[in-house]
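What follows is a set of notes on a single structure, which appears directly below.
The values are calculated or read from the model by the stated rules, or taken from the named source; none is laboratory data. Everything numeric here is computed off the predicted structure, so don't read it as measured data. Note that each Cβ is placed from the backbone with ideal geometry, even for glycine, and that neighbours are counted across all protein chains shown.
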Amino acid sequence: MTLTADTNQNSIRQKARRYLAPVLFLLTDYVAVILTGQMSTSIYDLSIHRAYLYFWLPLTFLLFLAQSRIYNTMQPFIYTVRSIFYGISYAMLACVAALYFFTSWQAPRSFFIVFWLLMLITIYCERLAVSFYLKHRHHLYEDVIMIGAGKTAERALHFFKDDLGYRYHIAGFIDDHPVSDKIPQRYNLLGTVAEAEQIIKNINAKTVIITAPGMERDKLQHLITTVQPHVRHLSYVPDLIGTPMADVEAQSLFSEEILMLHMKNNLALRRNRIYKRAFDLILTTIGGLAISPILLALAICIKLDSKGSVFYNADRIGKDGRNFKCYKFRSMHVNGDEILRDYLAKNPVAAEEWK
């Protein structure tokens, strides 16, 4: 009971941290946009309607910034700086276009340049201050399990510690034989790689980082396949040959010269599972109706060719290990085993090859 209660409490804390950090950055960016609007209009002695200042202007910039994924992704701070630049620049172009086509509000051309520069400065300063505060006050950190306790892990930890873009609390390490002398002294060793799946389930950490580039390729692929369904984010420092690359983003830990790949489990979000289920059902229904004449023709051909059922049904293992009936068109005779025995009995050479 105690372990279950601790796990539930940890899960609640993790969810709170996951939502509070984006909300905090959204609110501070909202204030920064309004502050920039007030400063810019004051410099040029212009007036702007309150609805535009407090709603439409922030909404435009926040939408473009959100599209740049600066609210829900931990990444090197330099990546955030780049994303903010692009987000603000595109939002600025959208605002200029909207003012030109849909309003009669006018301002000098230099106003938009000043507004853009002030917006960049304000957002950068605000983001730097908030990130610095959260980092050094150890607020809104995310629990992380690292697999691999070698020299690569040491360098990654050094980068995570110094970079403002990461707020990782290392819950522990998983490794069979830790190479590092420092890591076992500072962090918990949770178990071996073979126990990784159960450890992650028990601790309920939603982010796992694999820092074992020397791991055998097959073992790494099996580990990724085993771990990914239980987490929201999986990152690994890879041997790139043969490694799964779908939905992967590359991040460079510049000062340590490490390439880290970030993999997001999109189906961990309920809304994505709902979208996928709806997509599957709708397209399956439409596609099934579209090819129904072909299926009917196949059924008639099978029925005319040999006696017996048109379909062959067999037990298959599905989600959560549950069995289900799989129906497919029959491609063999119903008495296929008997026909095979007769054929092998009449053809000794084929019978020898069959053995």
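Is it true that residue 303 is surrounded by 12 or more Cβ atoms within 10 Å (Cβ to Cβ), in a helix (DSSP H, G or I), under 42 Å from the mean Cα position of the chain (by Cα) and not assigned by TED's automatic domain parsing to the domain that holds residue 233?
When the stated conditions are applied, residue 303 does not pass them.
Taking only pairs six or more apart or across chains, which ones have beta-carbon atoms under 8 Å, a first residue in segment 57-68 that is in the same structural domain as residue 34 (by TED's automatic domain parsing), and a second residue that is of a type in the set (S, T, N, Q) and crowded, with 16+ Cβ neighbours inside 10 Å?
Taking only residues 6 or more apart or on different chains, the pairs are 65/83; 68/83.
Between a first residue in segment 336-350 that is within 18 Å of residue 305 (Cβ to Cβ) and outside the structural domain of residue 307 (by TED's automatic domain parsing) and a second residue that is surrounded by fewer than 12 Cβ atoms within 10 Å (Cβ to Cβ) and among the hydrophobic types (A, V, I, L, M, F, W, C), which pairs have beta carbons less than 8 Å apart while being 6 or more apart in sequence or on different chains?
As it stands, the answer is none, since no pair meets every condition given.
Residue 285 is checked against (1) assigned to a helix (DSSP H, G or I); (2) more than 27 Å from the chain's Cα centre (by Cα); (3) of a type outside the set (A, V, I, L, M, F, W, C); (4) surrounded by 12 or more Cβ atoms within 10 Å (Cβ to Cβ) and fails just one. What number does that condition carry?
(4)
Would you mind telling me which numbered condition in (1) part of a loop (DSSP other than H, G, I, E, B); (2) touching a residue at least 24 places away in the same chain (Cβ under 8 Å); (3) at negative phi residue 98 fails?
Checking residue 98 against (1) part of a loop (DSSP other than H, G, I, E, B); (2) touching a residue at least 24 places away in the same chain (Cβ under 8 Å); (3) at negative phi, the one that fails is (1).
Determine whether residue 91 is over 26 Å from the mean Cα position of the chain (by Cα) and not aromatic (Phe, Trp, Tyr).
Criteria not met by residue 91.
Take the conditions of a type in the set (S, T, N, Q) and closer than 17 Å to residue 256 by Cα and apply them to residue 207. Does it pass?
no
Given the structure, is residue 206 modelled with pLDDT of 85 or more, under 30 Å from residue 127 (Cβ atoms) and within 20 Å of the chain's Cα centre (by Cα)?
The answer is yes for residue 206.
Considering each residue of segment 179-193, count those that are surrounded by 15 or more Cβ atoms within 10 Å (Cβ to Cβ), farther than 16 Å from residue 223 by Cβ and within 28 Å of the chain's Cα centre (by Cα), and give that number.
Residues in segment 179-193 being surrounded by 15 or more Cβ atoms within 10 Å (Cβ to Cβ), farther than 16 Å from residue 223 by Cβ and within 28 Å of the chain's Cα centre (by Cα): 2 in total.
Name every residue in segment 11-37 that is farther than 19 Å from residue 128 by Cα and either modelled with pLDDT of 95 or more or of a type in the set (Gly, Ala, Ser) (or both), in order of residue number.
11, 16, 37 - these are the residues of segment 11-37 that are farther than 19 Å from residue 128 by Cα and either modelled with pLDDT of 95 or more or of a type in the set (Gly, Ala, Ser) (or both).
If I ask for residues that are closer than 19 Å to residue 121 by Cα, surrounded by fewer than 17 Cβ atoms within 10 Å (Cβ to Cβ) and of a type in the set (Gly, Ala, Ser), which ones from segment 47-93 would you list?
66, 89, listed by residue number.
Mind checking whether some residue in segment 257-272 is assigned by TED's automatic domain parsing to the domain that holds residue 171, more than 20 Å from the chain's Cα centre (by Cα), of a type in the set (S, T, N, Q) and in a helix (DSSP H, G or I)?
No, because not a single residue in segment 257-272 is assigned by TED's automatic domain parsing to the domain that holds residue 171, more than 20 Å from the chain's Cα centre (by Cα), of a type in the set (S, T, N, Q) and in a helix (DSSP H, G or I).
Being more than 21 Å from the chain's Cα centre (by Cα) and either in the same structural domain as residue 180 (by TED's automatic domain parsing) or assigned to a helix (DSSP H, G or I) (or both) narrows it down to one of 220, 298, so name that one.
When all the criteria are applied, what remains is 298.
For segment 234-282, which positions are at pLDDT 85 or above, of a type in the set (A, V, I, L, M) and surrounded by fewer than 14 Cβ atoms within 10 Å (Cβ to Cβ)?
Scanning segment 234-282 gives 274, 278, 281, 282.
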